[in-house]
Amino acid sequence: MAIWGLVAEATVGLGERKHTEAHVLTHVEGTREEALAVLEQRARTHLPEHPRNPRRRRLLRTADGFLLVVDGTWQSHATRFSVAELLEDSDRPLPPARDERETGSGTEPGPGARQSPPEPTPETAPGEPRDEDGVPLRPSWLGRPDLP
């Protein structure tokens, strides 16, 4: 089953310092249509920081997601919501594909074979509070005496 990243891109800053920032809102496992349904709900309920006094709000469907345009007193502000298939994530590596020759052979890989990385272990106790994506609310490094 595919994993989809729900991405929001918005223009931030003022004047010459304006730039676009992208944030992955969450991940959805399932079909593209299921991910688009979750993304649409997020786009409909999104309250952007700017403009402070919105006069008009328009949500448009695009090929890969949605475009939210909010007109303010002086300027319009846009937020693009898109869905994209997650292919790689350095923070959460996907399990390596097993070679058919290794399955059931009971032998150790040869000297030139790639070793799969060890399975990640939870860095917090099971009772630690986590957000909706399973990320610990208190970082594991907080309070470690071996860090400066």
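The values are calculated or read from the model by the stated rules, or taken from the named source; none is laboratory data. All values derive from a computational prediction rather than experimental measurement. Here the Cβ is made from the backbone with ideal geometry for all residues, glycine too, and neighbour counts use every protein chain on show. These accessible areas exclude ligands, DNA and RNA; they are computed on the full protein's heavy atoms, side chains included. Shrake-Rupley method; radii C 1.70, N 1.55, O 1.52, S 1.80 Å.
Quick notes on this one:
- Selection of trypsin sites (Lys or Arg not before Pro), the stretch 1-57, meeting DSSP coil and at most 16 other Cβ within 10 Å: Lys18, Arg52, Arg55
- Solvent accessible area, Å² - His19, 1.4 Å probe, full protein context: 90
- Where GluC sites (Glu not before Pro) fall in DSSP loop in the stretch 1-86, at most 13 other Cβ within 10 Å: Glu49
- Modelled this way, with points 7 Å down the Cα-to-C-beta line, the labels at Val12 and Leu25 are 1.7 nm from one another.
- Of the residues Val70, Val12, ranked by 1.4 Å probe accessible area with the largest first, the sequence reads Val12, Val70.
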